[in-house]
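Structure, as structure tokens:
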Amino acid sequence: MVAVSSMDVATSSEFVQLLTPEGQRLENPEYPLEITPEEVRALYRDLALVRRFDVEATALQRQGELGIWAQLLGQEAAQIGSGRALAPGDMVFPTYREHGVAWCRGIPPEKLLELFRGVNFGGWDPGRHNFSLYTIVIGAQTLHATGYAMGMQRDGAEDAVIVYFGDGASSEGDVNEAFIFAASYNAPVVFFLQNNQWAISVPEERQSRIPLFQRAHGFGFPGVRVDGNDVLACLAVTRKALQHAREGQGPFLIEAFTYRMGAHTTSDDPTRYRLASELETWKLRDPIERVKAYLSRGGFADSSFFDSVESEGDELAARVRAACLSMPEPKPIDIFDQPYAGGSPLVDEERATFEHYQAGFAEEGGR
Amino acid sequence: MAVITYRQALHDTLRSELIRDPNVFLMGEEIGVFEGSYKITAGLLTEFGPERVRDTPIAEEGFVGAAIGAAMLGLRPVVEIMTINFSILAMDQIVNHAAKIHAMFGGQSKVPMVIRTPGGGGQQLAATHSQNIEVWYAHVPGLKVVVPATPADAKGLLAASIRDDDPVMFIENLALYNTKGNVPDGDYVTEIGKAAVTKEGTDITIVSYSRMAAVALDVAKRLQDDEGVSAEVVDLRSLRPLDRATIVNSVKKTGRAVVLEEDWLSYGVGAEIAATIQEGAFDYLDAPVRRVAAAEVPLPYAKPLELAALPDATALVKVIHETLDATRFRR
């Protein structure tokens, strides 16, 4: 067996990069990108603010205010780049880590915390933002996205669907079945795989003998590996993939080659299974630093810009923290509200029994 | 009113729902060109085309998951899973997604889909192709589970399921496809969650569903004619929601109850019925509630062994006699 190391491919020609880790702009004839300094500054702002939000959410978890938090640290460019490539009518199916994409869809960050604080299953309206609720079950949303895309195709809509998942999920049957269905029906869906190298403690090598983007070829649609820490490349490649889908050319797999710089979630300690030197290597490829370097070196932004983004981040963090701490506790009786869209006599019966049960405590002087 | 088969009733209802609502479409393995393993979808591909009658790759988790996505968009997918045994491959999408999305999305996304699938033994299809696992789904809040026993209910409940805003497991039975019965003409919808008293009686209640409800009705008629025993038959029609009131009211009248079920005894539908009766009609019972169910073995392939493992009319009659005799009922 000849094993192809993922890292080798990351430096090969099958790797779309438009901004080097040093902040140098590259051109790629297949993925041209015309972008103004103002637009790059806007991307920088997105990247910096979602990172600041992520830091605050992690702190809130450490202080006992959130049950758990899934950090996006290190994956900001993959999410902002792809998120900013979306048109308003496109539909997004996220995992539980797509805080950056949620940001791009206009969801107030504090809304994301409702799930992690445990006051509800997710506080935003998926229809209004075209951003589905977080899916915790690994890979399951790839099928929902495919079916949704098949429905859009049937309706003659000129929109596309993008679905996020990870390197670990790529081994799930659901994901492989989604590839088959999307290919068979030529569904307008972009599969956006964030390869952050680790499925909790299991490295990507355990999931696949070949680079993950190459799997698409076996299913009969294009796959490309993009520098997932390069916001410009993620933007350009996702735009092209969405256009491909909208034009009726079917599914597209993007493997955003990135790195989970934090833990899988706040319940995880990555120092138990990976070397510190690996993290140091990836810090040199930081998704935000390279944009900063590009803007500074080109004279497109000065320190006042970076300072203003930083203070905006601090304000955002303070707002998010205040919102988190003031979230109302849900009422126990609410558990009976939503098991069925059309209601159910069994649920009504249980609700009545529960009300009676609660009233019993009230008679005893409250509970 | 016309006399047609259970199969024909299903077919005609699918067809009329496809005509009635352009958002309804069918999806499943071999349902198009091959017209379904049990020919329920015969002719529908020709009439409605491949957009609305979709042959799928062999991947149950795949097409159930895709149907969920389509339902979230507002379509009304009617999925055929070739037999209930294969639904096990789609268990995560059914139980973790179809059943939960409405609640977990704060009521903001509905999943109006139907999964049609036949269960049942007696066809010599052996252990992996003959199971009655409807109770697995009946256990799950968020799902509805219907189990029609007659051609009329096949029609009325299928129409109701397709028009329902929640995911419905519509469980057919292989041995019922060729059975015939009166079916009302025109638009006919049966409310989900209502049991039917298919024969009134005063001496004993037989609770059953699907194919066994037909067996129960035959037995009840025979006992009436041959022995003068007045048995009441309750056909559940829906396992979730379960019509507890109809069961309890019947037992309050008769004081005796037997459950006839094709699934396995332990943790089966009959256990839920027995518990429902003791909670709702304990003081009315003259005898313990009895259950007649399948032997707790993987269903055999050999015909005599398969027959030995499945519940039947003889076993039901024996248990009814024992229940009556235990209460010194004169027959």
Residue in segment B:26-44 that is touching a residue at least 60 places away in the same chain (Cβ under 8 Å), more than 14 Å from every other protein chain (Cβ to nearest Cβ) and among the aliphatic types (A, V, I, L, M) present: yes
Candidate set: segment A:190-229, residues that are modelled with pLDDT under 95 and of a type in the set (D, E); chosen: the one farthest from A:P94 (Cα to Cα): A:E205
Qualifying positions in segment B:18-33 - in a loop (DSSP other than H, G, I, E, B), aliphatic (A, V, I, L, M) and open to solvent by 10 Å² or more (accessible area, probe 1.4 Å): B:V33
Members of segment B:312-331 found to be within 28 Å of B:A175 (Cα to Cα), touching a residue at least 60 places away in the same chain (Cβ under 8 Å) and either assigned to a helix (DSSP H, G or I) or outside the structural domain of B:Y209 (by TED's automatic domain parsing) (or both), listed by number: B:A313, B:L316, B:V317, B:V319, B:I320
Residues of segment A:172-207 classified as surrounded by fewer than 17 Cβ atoms within 10 Å (Cβ to Cβ) and of a type in the set (S, T, Y), total: 1
Where B:Y38 falls short, out of the listed (1) within 19 Å of B:V145 (Cβ to Cβ); (2) assigned to a loop (DSSP other than H, G, I, E, B); (3) among the aromatic types (F, W, Y): (1)
Test: residue in segment B:120-140 that is buried (at least 24 other Cβ atoms within 10 Å of the Cβ), of a type outside the set (S, T, N, Q) and part of a strand (DSSP E or B): no
Leading residue by the ranking (surrounded by the fewest Cβ atoms within 10 Å (Cβ to Cβ)) among those in segment B:45-60 that are more than 11 Å from chain A (Cβ to nearest Cβ) and touching a residue at least 24 places away in the same chain (Cβ under 8 Å): B:E47
Matching residues in segment B:61-116 - criterion: being more than 7 Å from chain A (Cβ to nearest Cβ), surrounded by fewer than 24 Cβ atoms within 10 Å (Cβ to Cβ) and assigned to a helix (DSSP H, G or I): B:N85, B:F86, B:I88, B:L89, B:M91, B:V95
Hits in segment A:281-311 (condition: open to solvent by less than 60 Å² (accessible area, probe 1.4 Å), in contact (Cβ under 8 Å) with a residue 12 or more places away in the chain and within 28 Å of A:P108 (Cα to Cα)): A:D286, A:P287, A:I288, A:R290, A:V291, A:L295, A:A301, A:F305, A:F306, A:V309
Residue among A:A276, A:A245, A:A263 that is assigned by TED's automatic domain parsing to the domain that holds A:T58 and under 17 Å from the mean Cα position of the chain (by Cα): A:A263
Of the criteria (1) in contact with a strand residue (DSSP E or B) (Cβ under 7 Å, 6 or more places away or on another chain); (2) within 21 Å of B:V147 (Cβ to Cβ); (3) outside any helix (DSSP H, G or I), which one B:V3 fails: (2)
Subset of segment B:161-191 [of a type in the set (D, E) and open to solvent by 50 Å² or more (accessible area, probe 1.4 Å)]: B:D185, B:D187, B:E191
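The values are calculated or read from the model by the stated rules, or taken from the named source; none is laboratory data. Keep in mind that what you see is a predicted model, and the values were worked out from it rather than measured. Neighbour counts are summed over all protein chains in view; Cβ atoms, including those assigned to glycine, are modelled from backbone coordinates with ideal geometry. Just the protein is used for accessible areas: all its heavy atoms, side chains included, with ligands, DNA and RNA removed. Shrake-Rupley method; radii C 1.70, N 1.55, O 1.52, S 1.80 Å.
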